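A.B. asks: My questions all concern the structure below.
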Amino acid sequence: MNCYLMAAGRGERLVPLTINTPKCLLRVGGKPMLEWWLDTVLFSECFDKIFVNVYHLTDQILNYIDGYRKRTGFKVYIIDEQKKLLGTAGTLYWYGDTTEDFMVAYTDTFSRTFFNEPVSLHSLWMKERKNILAGLFYMKSPRDNSSGGIVFDEKSEIVVNFCEKNDTAFYSWAGIMFARSKIYEYILKEDND
């Protein structure tokens, strides 16, 4: 199983913090967000390959990953999107390994649940994967509706709609998804999110 860590965002909602620092390198709990993700996925030993996409302030991220590689000895593959920001679907379409199941995570998402339980969450996915195409982690939406949401049938727990910042969604996608390789059949060349 592969892991795609999405780190290419410009962090426009976090200006001025992201003018000179990539969003994924902002520090939370004493270390950069990207390091939380790298430590979690690499030390879980659940993933065969780890990919990080880059776009904004790329040199800083590449330097950080190079230092991380030297400290840990782990291999991290880079997807360079400096010429064109592809979005999640675009990154998967152009660079995804269509033969492997995968996890996608946004490196600006801080998830103590995932950071503390990657092996059990991975095991849950592996147990249920034959019955579903993809599994999304979700959380209760903020009361101010400041995030996009997912609407799902609570009985079947099947997502029936995605919506952008409105009061019809009671849950928000937490930026973590597991998917079977079959999902690549549904990603179109022109998709970018």
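A.B. asks: Do you know which of the residues in the range 94-129 that are among the hydrophobic types (A, V, I, L, M, F, W, C) and outside any helix (DSSP H, G or I) is most open to solvent (accessible area, probe 1.4 Å)?
C.D. replies: As a first pass, look at the range 94-129 and keep what is among the hydrophobic types (A, V, I, L, M, F, W, C): 94, 102-105, 110, 114-115, 119, 121, 124-126.
From what's left, outside any helix (DSSP H, G or I): 102-105, 110.
Values: PHE102: 1, MET103: 0, VAL104: 1, ALA105: 0, PHE110: 72 Å².
For the range 94-129, the residue satisfying everything is PHE110.
A.B. asks: Among the residues in the range 4-24, are any without any contact (Cβ under 8 Å) to a residue 60 or more places away in the chain, touching a Phe, Trp or Tyr at 6+ places or on another chain (Cβ under 9 Å) and hydroxyl-bearing (Ser, Thr, Tyr)?
C.D. replies: No; the residues of the range 4-24 include none that is without any contact (Cβ under 8 Å) to a residue 60 or more places away in the chain, touching a Phe, Trp or Tyr at 6+ places or on another chain (Cβ under 9 Å) and hydroxyl-bearing (Ser, Thr, Tyr).
A.B. asks: Going by what's in this entry, would PRO32 be described as out of contact with any Cys (no Cβ under 9 Å at 6 or more places or on another chain) and buried (at least 16 other Cβ atoms within 10 Å of the Cβ)? Let's see the steps before the verdict.
C.D. replies: On the way: out of contact with any Cys (no Cβ under 9 Å at 6 or more places or on another chain): no; buried (at least 16 other Cβ atoms within 10 Å of the Cβ): yes.
In short, no.
A.B. asks: Name the single residue that is nearest to the chain's Cα centre (by Cα) among those in the range 20-58 being within 18 Å of GLY73 (Cβ to Cβ) and hydroxyl-bearing (Ser, Thr, Tyr).
C.D. replies: THR40
A.B. asks: Can you tell me which residues in the range 4-22 are touching a Ser or Thr at 6+ places or on another chain (Cβ under 9 Å) and open to solvent by less than 40 Å² (accessible area, probe 1.4 Å)?
C.D. replies: Selection gives TYR4, LEU5, MET6, ALA7, ALA8, GLY9, GLY11, PRO22.
A.B. asks: Same structure, new question: Could you list all residues from the range 35-62 that are open to solvent by 30 Å² or more (accessible area, probe 1.4 Å) and not hydrophobic (A, V, I, L, M, F, W, C)?
C.D. replies: Hits for the range 35-62 are GLU35, ASP39, GLU45, ASP48, LYS49, TYR55, HIS56, ASP59, GLN60.
A.B. asks: Check the range 12-19 and report whether any residue there is basic (Lys, Arg), within 14 Å of the chain's Cα centre (by Cα) and in a helix (DSSP H, G or I).
C.D. replies: First, the residues of the range 12-19 that are basic (Lys, Arg): 13.
Within this subset, residues satisfying the condition of being within 14 Å of the chain's Cα centre (by Cα) are none.
No; the residues of the range 12-19 include none that is basic (Lys, Arg), within 14 Å of the chain's Cα centre (by Cα) and in a helix (DSSP H, G or I).
The values are calculated or read from the model by the stated rules, or taken from the named source; none is laboratory data. Since the structure is predicted, the reported quantities are computational estimates derived from the model, not experimental observations. Here Cβ is always computed from backbone atoms with ideal geometry, including for glycine, and neighbour counts include all displayed protein chains. Just so you know, the surface numbers come from the protein's heavy atoms only, side chains and all, with ligands and any DNA or RNA stripped out. Shrake-Rupley method; radii C 1.70, N 1.55, O 1.52, S 1.80 Å.
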